[in-house]
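The structure under discussion appears below in the form of structure tokens.
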Amino acid sequence: MSEVKLTAETRSEFGKGAARRIRRESKVPGVLYGHGTDPVHLTLPGHDLMMALKTSNALLALEFEGKTELAIPKAVQRDPLKGFIEHVDLLLVNRGEQVNVEIPVHTEGELAPGGNLLEHVLNALPVEAEATHIPESLTVSVEGLEAGASVLAKDVPLPEGVSLAVDEDAVVLQVLAAQAEEPSAEGEESAEA
């Protein structure tokens, strides 16, 4: 995964009014924390941050006060109606450091014939990976799986240097049998007298 460079500014104003002023300038308030350091309150460019966060677990190279720090998004707050980013929490990371993240799970292939349904028990798999080599997604083949079959965490192919951060027997995907609708009981009358 490549780094996305963002130029940030430290901020000293806090509260709802300050955050609204920042957002009016098409910027996003954020906090950078980790490694036992004091939190650093930042103002980030809104559009560039939104584009960077389209990739899950994006690695951000934040340039502020003459230095560059690496970070990954920990929590992103969005406006519930319009979807724009209201605030972001960023976790400070170092090159070579192992971090716990959730990687989206994608499927490929077709289930066995018969109208079976695929249930995603885990949409994202918790893993531990090196901060600068976090995979964007994991792909699992469901080709020919029949009703009752499950894909466990240990069955998901992981890239080199990535390990599970969840029980290896955790169910990631399962195949359910399609259920036929029962006939409606509207025309039936009760036999009780």
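The values are calculated or read from the model by the stated rules, or taken from the named source; none is laboratory data. Since this is a predicted model, take the numbers as computed values, not measurements. All Cβ positions, even for glycine, are placed from backbone atoms using ideal geometry, and neighbour counts span all protein chains on display. Please note that ligands, DNA and RNA were not included when accessible areas were found on the heavy atoms of the full protein model with its side chains. Shrake-Rupley method; radii C 1.70, N 1.55, O 1.52, S 1.80 Å.
Accessible surface of the chain, 1.4 Å probe: 47 percent of it comes from carbon and sulfur atoms. With q set to 0.15 Å⁻¹, the log10 of I(q)/I(0) for the stretch 1-60, from the Debye formula over equal scatterers at the Cα positions, is -0.49. Loop-resident chymotrypsin sites (Phe, Trp or Tyr not before Pro) (DSSP state other than H, G, I, E or B) in the stretch 1-97 with no more than 10 further Cβ atoms inside 10 Å of their Cβ: Phe14. Rolling a 1.4 Å probe over the protein heavy atoms leaves Ser150 with an accessible area of roughly 60 Å². Comparing His47, His133, His87 in a Gaussian network model of the chain, where Cα atoms under 10 Å apart are tied by springs, the biggest mean-square fluctuation is seen for His47.
Entry for the chain at q = 0.13 Å⁻¹: log10 I(q)/I(0) = -0.80, Debye formula applied to identical alpha-carbon scatterers, no solvent contribution.
Our summary of shape: the Cα atoms of the stretch 89-135 have principal axis extents of 49, 20, 13 Å, ordered from largest down, in whole angstrom. DSSP beta bridges fully contained in the chain are about 75 percent antiparallel. Rg and Dmax, both from the Cα atoms of the stretch 66-158 and both in Å, are 17.7, 61. Other residues lying with their Cβ under 13 Å from the Cβ of Val171 contribute a combined charge of -4, Lys and Arg counting +1, Asp and Glu -1. In order along the stretch 99-108, the phi-based Karplus estimate (6.51 cos²θ - 1.76 cosθ + 1.60, θ = phi - 60°) of 3J(HN,Hα) comes to 10, 8, 9, 10, 9, x, 9, 10, 10, 9 Hz; Gly and Pro are listed as x.
Only Lys, Arg, Asp and Glu carry charge here, each on its Cβ (+1 for the first two, -1 for the last two); on that basis the chain has a dipole of about 1760 debye about its Cα centre. Electrostatic tally near Val40: other residues with Cβ closer than 13 Å to its Cβ, Lys and Arg +1, Asp and Glu -1, net -4. Under 5 Å between amide hydrogens, built in the peptide plane, is the criterion, and for Leu111 it picks out Gly144 among residues at least 5 positions away or on other chains.
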